[in-house]
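A short worksheet on the structure shown next.
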Ligand SMILES: [Zn+2]
């Protein structure tokens with residue numbers, strides 16, 4: 001034990017039993033060393049051992065600790081700096097990932113595909129119900145839709161630039177409003193369209209503000225602005241009201257009430273039997289569930305006190321029939337399509353939103369919605 005009395009602090013140069021009396025000398029030396037640059041000395045010392053070293057390593061020693069003291073503080077500062085750097089780099093990496101993700105996500109949204117027309121229009125009902133137009137409010141219409149898949153932008157008198165994306169939905173939204181609702185294609189009683197939006201042009205005669213699905217409402221807003229710019233919003237009309245919306249979205253319950261409690265009762269009061277009256281009412285009003293008013297994509301608008309075929313002779317009716325496709329609307333029940341539309345009479349006041357692309361094609365093809373949907377299923 002005594003042979004190793006220095007407890008490992010000794011070195012081969014010092015006898016194990018030698019008292020530590022040379023400290024004074026070493027202290028002076030240490031002071032002298034401290035007065036000089038330490039590092040070079042230390043490096044030159046190599047394996048030098050100083051007995052007052054708090055370290056037990058032969059190559060350590062007092063001088064090394066002396067030198068380490070300040071450098072330890074530096075290391076702490078270095079560590080702090082390193083951590084700050086790591087955190088900064090991490091933040092920058094996260095920001096870069098988020099930006100990259102948004103970029104990729106944004107460019108994918110609404111991206112048209114070559115097969116879109118074929119796939120989407122074969123199931124218009126589905127695409128109509130799955131669409132959530134509000135999601136696209138933040139999304140500009142993509143500029144990559146091939147020109148042949150878009151209707152040409154018409155020249156408007158009013159500045160409708162802000163409405164272009166609603167009049168002419170593109171990408172995945174182009175085919176989202178072709179839903180066919182008629183006596184053969186009813187909606188569920190509990191179907192309520194998404195994103196119902198107030199219709200600004202609801203007639204101001206005390207009636208409840210009418211509503212449409214968002215895109216249809218915005219497109220109608222554009223139509224009314226252009227109608228106004230073209231002198232089609234005037235007050236010297238049969239009703240005294242300018243061109244205005246009498247009815248838009250209707251609930252299943254309201255349609256039920258309308259068909260049975262209003263129209264059917266009215267016809268029966270004329271002396272018809274219930275059966276006869278129902279057949280008559282079916283020509284101008286849809287049974288509950290079979291009205292596209294429940295889809296929130298159509299409006300009845302005119303200038304008369306009530307809907308009447310005589311509206312066709314009003315300048316507004318002529319202007320609408322000629323121009324409605326530019327805003328994405330179609331005259332849903334044309335005069336010569338009664339056989340195909342399920343016996344619905346000519347309704348010059350009823351306009352249905354499908355988007356400009358399809359509205360324009362339908363006009364060019366001379367087809368009503370039933371014909372057009374069948375045409376798309378067969379031809380794409
Ligand atoms: Zn209608």
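Observations
- Label zone of residue 283 (point 7 Å out along Cα→Cβ, amide N under 20 Å): in segment 311-327 this covers 311-313.
- Estimated inter-spin distance, residue 204 and residue 365, nm [label 7 Å along Cα→Cβ]: 4.1
- Whole-angstrom gap from segment 183-232 to segment 293-323, using each part's C-alpha centre: 13
- Residue separation of residue 153 and residue 241 scaled by 0.36 nm, minus their Cα-Cα distance, works out to 28.6 nm of gained length.
- Estimated at 0.36 nm per residue, the fully extended path between residue 335 and residue 256 surpasses their Cα-Cα distance by 25.9 nm.
- With both labels modelled 7 Å from their Cα along Cα-to-Cβ, the residue 266 to residue 85 distance reads 8.3 nm.
- Separation of the residue 322 and residue 183 label points, Cα + 7 Å toward Cβ, nm: 3.5
Only the coordinates and a few stated rules stand behind these numbers; no lab work does. Quantities reported herein were computed from a predicted structural model and do not represent experimental measurements. Methodologically, a virtual Cβ is constructed for each residue, glycine included, from the backbone with ideal geometry; neighbour enumeration extends over all protein chains shown.
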